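Taken together, the values in this text are just the output of simple stated rules run on the coordinates, not laboratory data. What you are looking at is a predicted structure, and each value in this text was computed from that prediction instead of being measured. All Cβ positions, even for glycine, are placed from backbone atoms using ideal geometry, and neighbour counts span all protein chains on display.
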Protein chains: 4
Amino acid sequence: MDTLLRVTVWNEYRHEQKPTHPASKIYPEGIHGAIAQGLHEYPGITARTATLDEPEHGLTDAVLAETDVLIWWGHGAHDEVRDEIVAKVQARVLDGMGLIVLHSAHFSKIFKRLMGTSCELKWREGDDHERIWVVEPGHPIADGLGECLEIGREEMYGERFDIPAPETLVFLSWFSGGELFRSGCCYTRGRGKIFYFRPGHESYPTYFNPDVRRVIANAARWVAPSRGPRPVFGNVRPREA
Amino acid sequence: MDTLLRVTVWNEYRHEQKPTHPASKIYPEGIHGAIAQGLHEYPGITARTATLDEPEHGLTDAVLAETDVLIWWGHGAHDEVRDEIVAKVQARVLDGMGLIVLHSAHFSKIFKRLMGTSCELKWREGDDHERIWVVEPGHPIADGLGECLEIGREEMYGERFDIPAPETLVFLSWFSGGELFRSGCCYTRGRGKIFYFRPGHESYPTYFNPDVRRVIANAARWVAPSRGPRPVFGNVRPREA
Amino acid sequence: MDTLLRVTVWNEYRHEQKPTHPASKIYPEGIHGAIAQGLHEYPGITARTATLDEPEHGLTDAVLAETDVLIWWGHGAHDEVRDEIVAKVQARVLDGMGLIVLHSAHFSKIFKRLMGTSCELKWREGDDHERIWVVEPGHPIADGLGECLEIGREEMYGERFDIPAPETLVFLSWFSGGELFRSGCCYTRGRGKIFYFRPGHESYPTYFNPDVRRVIANAARWVAPSRGPRPVFGNVRPREA
Amino acid sequence: MDTLLRVTVWNEYRHEQKPTHPASKIYPEGIHGAIAQGLHEYPGITARTATLDEPEHGLTDAVLAETDVLIWWGHGAHDEVRDEIVAKVQARVLDGMGLIVLHSAHFSKIFKRLMGTSCELKWREGDDHERIWVVEPGHPIADGLGECLEIGREEMYGERFDIPAPETLVFLSWFSGGELFRSGCCYTRGRGKIFYFRPGHESYPTYFNPDVRRVIANAARWVAPSRGPRPVFGNVRPREA
């Protein structure tokens, strides 16, 4: 890649602004800030941020046009994301923009719209330990990892996760409370590539974990747009006489 | 299966009611009528019909609750299908109801919503000959077929077809004008199974073709609900101490 | 299905014949005996058995020709299975015979040959508890199950499991020692369907577990041959002038 | 990628050495020479060659150890490839080496061993025109292509192609004689990625076609090894107390 990969990290950015919420201590520059910082540890990537309460949620046409890869974190305010912005993001994904969906963004409008399912799951805020196993070690998103990632204390997500079966399942999460989860899921929609990655509850410093940062950087490269043909749709003439 | 498989054949049913349209001659009892008739050639299946202009498009809660498999044909009036009916159909699919999407219903609201993509394609009404090749001969939907189906004159659909890659690709269509198409596509969404089948333009007697009827009957059996667990979602207690 | 589904349960049958081995107490009629007994609890299925030390390992041409579904259990004597018998089994699978591969048969010649990979994994005979989660609740193999199967004490198998990604992943196993495993894996090879199912170490009474028996019966029905076209290969004339 | 991608182009190299064979005129430096030349048009790639009649078929341990991506072309002498060399190539693929299988190498020992199926197909040397349609335009292997590749005169390959369903189907071929073919197929085996690409009969100058060269270069980059974890197999201790 000759040019920089342009990532926009979108965050709901509400928990971190409540002084009494643990996230305000863990992520003083917001979850988006921590993720963008982590991306800048990797060569060839540049990251900007956008948040819910900015005009147009920070996702103007200009920003979207200059975004190769969009990362999405949301939790409590999915319903406040305006439908016309969601439609624009979906159109950009279908046209090739990469999308990384993190943790509780499984319930975001954009993910549910692209999946076509409820994206429901089991969850628990408790004492769980999470260990992420690499099940597809040859996949570029597993580049540089060990055979598992010891995440430590995290919110539990458990199956059944109501998603279409991933085209490639890269990671599985084990939780000490007895559940497991498909935690690294690859999809293609239109010309766009999508990666769902499970960890990252706002009450834990997950996005400072070097392995988690590596996964997000690897994923940014993997979902990056390629320059394949823009499809021609509609009425066409025959190619043969 | 001890009991009858209950199929509802839904049709937009507009072309056939225009006296000047060829469909009025080819399908005097409607496309839905022809499809339901074809299903009744197969043991263990019973078929009813529903159409756009009936109250609630013929898809009341009672009808949906009694439907194991819904077949959908639409073309020119997709926008007239009410969103709340589409939402009910989607919910039923996620809960296990089978769905067969035929021909121009690639552009139906329900299919686009379940796929998450534009579902665009190339098309041409011309002199094309269609031949459907079986590429997955061990799949139940290919039961009883030869290695290809000579469909004859049909509307052409060509790639790129903007769908998620099918979980199983059973059929491919060859067109004499130089195009080809993924014409038999299997999906799972929630607990429901979906089959897209390409042929069936309203100006051709495709739904009287015995091979086409066999595919639709096979597909009805394949998408039929199974009795797997209804998932438990939401907050849960740990299973381990 | 009008006629009985004819299953042959193949077992290495060595552990159970050693009087000092726990398997001799748990499976006095052999693992194959227990599995066949379990299948007979389900209508429409008839099961015979075959074992390694019979002539031709009990898999004569006549037996294979009359077998719709072959179930394979092996552990310590994979190398004693003769290559020409393996070749015949592979040919039958490609022609449509179903195959269910159980537990340590992940390392059988027939499974490795059909997968093309090493089929290696992690393992431990210890104090692990196994819980199998249903991740694809709409799949016919999950019919009649709850959301998870409490297997209890079992040998642990852990990822990375060196298999091609399954076409459908139906089950995942959680182990108390910290590992997880893709434990219900569907494949198609030729016209044949294959299901790998993890549990069943010889030192545990796993094949008397009603849920395990249900899975094996469901799988036998799912891998059963369909009557799709037998492919035509080789030199052919054009279909178009 | 900081360092050069090291490709080895393997060729049976028999047709081109027969003075009366058209291939001797079309490929005076061998099919391998044309492919290697094509790769050198792309930055970041270096290509060497190896042929059947060299000692160890040119695939010594040293050569394999220095090969990131192996390209394989064979046709009439598959049986002359020694099994121990095939075993070494398979082991390297499972350990991460990329593999590109071209045209009639669908019948090579290495491809059949990695697929587990017969890899049979239909074929015809005649007057067919081949057109390759891009069905997955967002895939990196489609980078820089138009919506279809007009290959022109080529040998026909037709379905049923007896392979496991590809993990990603990138291309489909249309033939004027009435057949079609899955002509760009992606697989993962172990940590290795595999791409099968259809065109390239020895009697046509296919490997001088700029689009074909682009596909092969794109594929070399896509199958290139990543640096994911080398799996740990065998007996392990629990990670939890």
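Quickly work out the A:His21-to-B:Arg48 label distance, labels modelled 7 Å from Cα along the C-beta direction, and quote it in nm with one decimal.
A separation of 4.9 nm, rounded to one decimal place.
Could you work out how far apart the two model spin labels at A:Glu29 and A:Phe233 are, taking each label as a point 7 Å from the Cα in the direction of the beta carbon, and quote it in nm?
4.0 nm
So what J values fall out for the stretch A:153-170 if you push phi through Karplus, 6.51 cos²θ - 1.76 cosθ + 1.60 with θ = phi - 60°, rounded to Hz, Gly and Pro as x?
4, 7, 5, 8, 10, x, 6, 6, 9, 8, 10, x, 3, x, 5, 9, 9, 8
May I ask for the net charge around B:Ala34, where only other residues with Cβ less than 13 Å from the Cβ of B:Ala34 are counted and Lys, Arg are +1 while Asp, Glu are -1?
-2
What whole number of Å gives the distance from the Cα centroid of the stretch A:9-73 to the Cα centroid of the stretch C:34-96?
For the stretch C:34-96 versus the stretch A:9-73, the Cα centre distance is 57 Å.
Anything over 28 Å Cα to Cα? Flag those among D:Lys88/D:Lys122; C:Lys18/C:Lys109; C:Lys193/D:Lys109; C:Lys112/D:Lys193; B:Lys88/C:Lys193, in the order listed.
D:Lys88/D:Lys122; B:Lys88/C:Lys193
Using a 7 Å offset from Cα along the direction of the beta-carbon, what are the separations from C:Pro210 to the same position in each other copy, nm, ascending?
Relative to the other copies, C:Pro210 has label-point distances of 4.6, 5.2, 7.0 nm.
Check which residues have an amide H placed less than 5 Å from A:Ile45's amide H, if you skip close sequence neighbours.
Distant-sequence amide H within range of A:Ile45: A:Leu5.
With axes computed from alpha carbons, what is the tilt in degrees of helix D:30-39 against the longest principal axis of chain D, rounded to the nearest 10 within 0 to 90?
70 degrees
P(r) of the stretch C:91-227 in 10 Å steps, Cα pairs, percent per bin?
Reading the bins upward from 0: 13, 46, 35, 6, 0.
How many percent of all Cα-Cα pairs in the stretch C:68-130 sit more than 16 Å apart?
Tail fraction, whole percent: 49.
Just to confirm the numbers: B:Pro238, label point 7 angstrom along the Cα-Cβ line, distances to the other copies in nm, shortest first?
1.4, 6.9, 7.0
What residues qualify as long-range amide H neighbours of B:Gly152, i.e. H under 5 Å apart, gap of 5 or more or another chain, H built at 1.01 Å from N?
B:Glu130
Among B:Arg214, B:Arg82, B:Arg131, determine the one that fluctuates most according to a GNM of chain B built with springs between C-alpha atoms less than 10 Å apart.
Looking only at B:Arg214, B:Arg82, B:Arg131, the largest GNM fluctuation is found for B:Arg82.
At C:Asp127 and B:Ala241, where each label point lies 7 Å from the Cα along Cα→Cβ, what is the point-to-point distance in nanometres?
Inter-label distance under the simple model: 1.1 nm.
Where the convex hull is taken over the Cα atoms of chain C, what is its projected area averaged over directions, in nm²?
With the hull built on Cα positions only, its mean projection is 14.9 nm².
Could you run the Karplus curve 6.51 cos²θ - 1.76 cosθ + 1.60 with θ = phi - 60° over the stretch B:16-23 and give me ³J(HN,Hα) per residue in whole Hz, x for Gly and Pro?
Residue by residue, the stretch B:16-23 yields 5, 8, 8, x, 8, 8, x, 4 Hz.
Between C:Ile45, C:Ile141, C:Ile31, find the one with the highest GNM mean-square fluctuation for chain C; connect C-alpha pairs within less than 10 Å.
Result for chain C, Cα springs under 10 Å: C:Ile45 fluctuates most.
I'd like the projected area of the protein assembly as shown, averaged over all directions, using the convex hull of its alpha carbons. Report it in nm² with one decimal.
Seen from a random direction, the Cα hull of the protein assembly as shown projects 38.5 nm² on average.
Calculated from DSSP H runs of 4 or more alone, at -39500 (n - 2.57) each and per residue, what is the 222 nm mean residue ellipticity of chain C, nearest 500?
Here the helix-only value at 222 nm equals -6000 deg cm²/dmol.
If you average 1/r across every pair of different Cα atoms in the stretch B:1-133 and take the reciprocal, what Kirkwood value do you get, in Å?
15.8 Å
Measuring from centroid to centroid over Cα atoms, what is the spacing of the stretch B:137-212 and the stretch D:157-190 in Å?
So the two Cα centres are separated by 16 Å.
Put a label point 7 Å from Cα along the Cβ direction on D:Gly146, then list its distances to the equivalent points in the other copies in nm, shortest first.
Listed shortest first, these distances are 3.6, 5.2, 6.1 nm.
Give the Rg (one decimal place) followed by the Dmax (whole number) of the stretch A:1-54, computed from C-alpha coordinates and expressed in Å.
12.8, 45
Taking every residue in C:170-177, how many Cβ atoms of other protein chains lie within 10 Å of its Cβ, on average?
So the per-residue partner count for this stretch is 5.
Show the residues, 5+ positions off or on another chain, whose built amide H is closer than 5 Å to the amide H of C:Gly192.
Counting only residues 5 or more places away or on other chains, the set is C:Gly96.
Report the far tail of the P(r) of the stretch B:29-70, meaning the percent of Cα-Cα pairs longer than 16 Å.
Every Cα pair in the stretch B:29-70 considered, those over 16 Å come to 41 percent.
When only alpha-carbon atoms count, how far does the stretch A:132-187 stretch along each of its three principal axes, as whole angstroms with the largest first?
29, 27, 13
Under 10 Å, Cα contacts only: if you run a Gaussian network model on chain B, which one of B:Gly58, B:Gly228, B:Gly30 comes out with the highest mean-square fluctuation?
B:Gly228
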